[in-house]
Structure formats: structure tokens, C-alpha cells
Amino acid sequence: QEVSFNRSDVDLSFPLVPVQGLRGLVFYDANRNGLFDEDSDQPLAKQYVLLDDSQGTMTGADGKFAFNNLAPGEYGVRLVADYFPDDWSLTSPPRQIVVLQSGQASTALRFGVYHPPKAPASVKIKQF
């Protein structure tokens, strides 16, 4: 599809590019399999996700994020794990590449995060 504007001294013509978007999910990966399992995994809110190290967004309460109004092309998306506690780790690739075609919206991005359960505090009983 193309938009044209004609005037006696100007002739402009350019193609319309459908708007694309990237959507995804950040989740606590209880079984560390890198896949979102609805029965055991939980969405993670307030996680920072970067698009090509330039545009960032936070996940919502449902663990979802979105980048809208993107032109067709290749994009790198990564979960910023810089501020995770030391015992947290990613169960999916830290950076994922997506190629958007014209008119396409990608919803396949998933970032799994795991942290070991807290061990119960040990109590030492001193005998008298």
C-alpha cells in the first residue's frame, strides 16, 4: 500500500509500513526448564527489558512487556539481570534475536529466572 500526495510543484510518494511490535514475558522458572509452565511458574513484575540496548521497559504485574511501533527488521531483546542477587540465574538465553516481517507482531519472547529457595535459618541450642 502506498500514500501519494500530488501538487503541481511537488510529487511525494512513500510506502505505508504496517506497525509491528514485540511482546514477551519474564517469569520465575520453578523447575529451571526455560519454559513457562502455567501450573508451577509465576510472572515476575518490575523486571527491566532492553530493546537493542536503547529502548527499555519494565514488566507489568503480569510479567509481560511490550515494544510497539517498530519497523520491520532484526531486533535484539535482553533481560537486564545486572541487579539480580548473586544466587539468581537465567534459565533462558539472556539476549534473544527476533526478525520482524512487515505487519508481524512477535509474542514468543520468554525470559526465565530462577533463584534457589531460602534455606531455613539454623538454630543452635546451647546446652548448660
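The values are calculated or read from the model by the stated rules, or taken from the named source; none is laboratory data. All values reported here derive from a predicted model rather than from experimental measurement. Virtual Cβ from ideal backbone geometry, glycine too; neighbours counted across all protein chains shown. When the accessible area is computed, the model is the full protein with side chains, heavy atoms only, and any ligands, DNA or RNA have been set aside. Shrake-Rupley method; radii C 1.70, N 1.55, O 1.52, S 1.80 Å.
Here is how the numbers come out for the structure above:
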{"quantity": "The stretch 72-118 - residue that is outside any strand (DSSP E or B) and among the hydroxyl-bearing types (S, T, Y) and, of those, modelled with the lowest pLDDT", "calculated": "Y83"}
{"quantity": "Residues satisfying the stated conditions in the stretch 84-118, i.e. in contact (Cβ under 8 Å) with a residue 24 or more places away in the chain, within 18 Å of D53 (Cα to Cα) and either touching a Ser or Thr at 6+ places or on another chain (Cβ under 8 Å) or open to solvent by 70 Å² or more (accessible area, probe 1.4 Å) (or both)", "calculated": "V98, V99, L100, R110, F111"}
{"quantity": "Top-ranked residue of the stretch 29-44 - restricted to ones that are of a type outside the set (D, E, K, R) and part of a loop (DSSP other than H, G, I, E, B), ranked as most open to solvent (accessible area, probe 1.4 Å)", "calculated": "L35"}
{"quantity": "Filtered residue count, the stretch 54-73, keeping only those that are more than 15 Å from the chain's Cα centre (by Cα) and either open to solvent by 50 Å² or more (accessible area, probe 1.4 Å) or free of Cβ contacts under 8 Å to residues at least 12 places away in the same chain (or both)", "calculated": "3"}
